[in-house]
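Here's the structure, in C-alpha cells; my notes come after.
The values are calculated or read from the model by the stated rules, or taken from the named source; none is laboratory data. Keep in mind that what you see is a predicted model, and the values were worked out from it rather than measured. For neighbour counting, all protein chains shown are included, and Cβ atoms are generated from backbone atoms with ideal geometry for every residue, glycine included.
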C-alpha cells in the first residue's frame, strides 16, 4: 500500500475488503483434487442426491470433510443442488382435529406401504415397504405379483421377532384386507395409525422413501423377470 501513498486500512475501506485478506494467502487442501473426483463420481452414481447426502457418503468412505467444503466444490464443478422443498403446514383431519404422531425413538412408529412396477413383459408386481419413521431405515421390502393379508402379516411378524414390537404401525386404508391386518396388529399388542383417505402427506416418511426408491432405481432399471427385480431391489 506504500506505493499508493495511502494506508492499508484506508485502501481496504475504499475497496470494501477486510484487512485480513492482505496478509493471509489462501491455500487449497492437498486432497482437493481427489475429493472433487470422489464427489463427481458419487454425483454420477446417485444422480438425485444433493451435496448433503453426498457428504454423508463421503464420510462413510473415511473422508474428513464437512458439508460446507463439499458444497463449495459442488458449486465450483457446476453440479446442481436440488431446490429446497417448502415446509408443509399443520395437518388437519376431516373432522377438523389435528393428528401429529411424531416418532420419538426407534421402534416407536413403523409405516408400511405398497409400490407398483412392471417387468419387461408388462406384468405388474408390487413391493411391500416397511420403514421405521424415527431412524428413516427401510426395515424390509417384500416383492410379489400380488399380496394377501397373510403375506403382510408374515412380513410384519418376521420383523416383530427380529426387532421387537413397535408402538404403532401406520398405513393407508387402501388394501381391502386392511381390517384383517389391523385386527392382527392389535392382537399382538401394538397400535395402528391409519392415515386419512386422500392424505398421503400424513405418511410423509414412507412416501419420501417410496419416491426415492422410484426415482433412484425403478425409473432407471428394466426388470426382465421378477427374480431379477428381487435381486436388484435388495441390493
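Restricting the range 97-124 to residues that are outside any loop (DSSP other than H, G, I, E, B) and buried (at least 19 other Cβ atoms within 10 Å of the Cβ), which is modelled with the highest pLDDT? Please lay out each step first, then the result.
Step one: of the range 97-124, the residues outside any loop (DSSP other than H, G, I, E, B) are 98, 109-118, 124.
Subsequent filtering for residues that are buried (at least 19 other Cβ atoms within 10 Å of the Cβ) retains 109-113, 115.
On the way: 109: 84, 110: 84, 111: 84, 112: 85, 113: 84, 115: 88.
Selected residue: 115.
Cβ contacts < 6 Å: first residue touching a residue at least 60 places away in the same chain (Cβ under 8 Å), restricted to the range 220-235; second residue loosely packed, with under 13 Cβ neighbours inside 10 Å, any location; separation 6+ or different chain. Result?
That search, which allows pairs on different chains as well, returns 222/120; 224/120.
Enumerate the pairs (first residue in the range 169-196 and more than 15 Å from residue 128 (Cβ to Cβ) and assigned by TED's automatic domain parsing to the domain that holds residue 128; second residue anywhere and in a loop (DSSP other than H, G, I, E, B) and at pLDDT 75 or above) with beta-carbon separation below 8 Å, excluding pairs fewer than 6 apart on the same chain, so at least 6 apart or on different chains.
Pairs found: 188/165; 189/165; 190/165; 190/166; 190/167; 191/167.
Per-residue answers, yes or no, for (1) over 22 Å from the mean Cα position of the chain (by Cα); (2) more than 23 Å from residue 214 (Cβ to Cβ):
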residue	(1), (2)
119	yes, no
122	yes, no
127	no, no
141	no, no
144	yes, no
153	yes, yes
179	yes, yes
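If the Cβ limit is 8 Å and pairs must be 6+ apart or interchain, which residue in the range 24-48 that is in the same structural domain as residue 71 (by TED's automatic domain parsing) and modelled with pLDDT of 80 or more pairs with which residue that is part of a loop (DSSP other than H, G, I, E, B) and surrounded by 13 or more Cβ atoms within 10 Å (Cβ to Cβ)?
Short answer, once both residue conditions are applied: 35/63; 35/65; 38/63; 39/79; 40/79; 42/49; 43/49; 43/79.
Filter the range 137-161 for residues that are touching a residue at least 60 places away in the same chain (Cβ under 8 Å) and either surrounded by fewer than 13 Cβ atoms within 10 Å (Cβ to Cβ) or part of a helix (DSSP H, G or I) (or both) and give the result.
145
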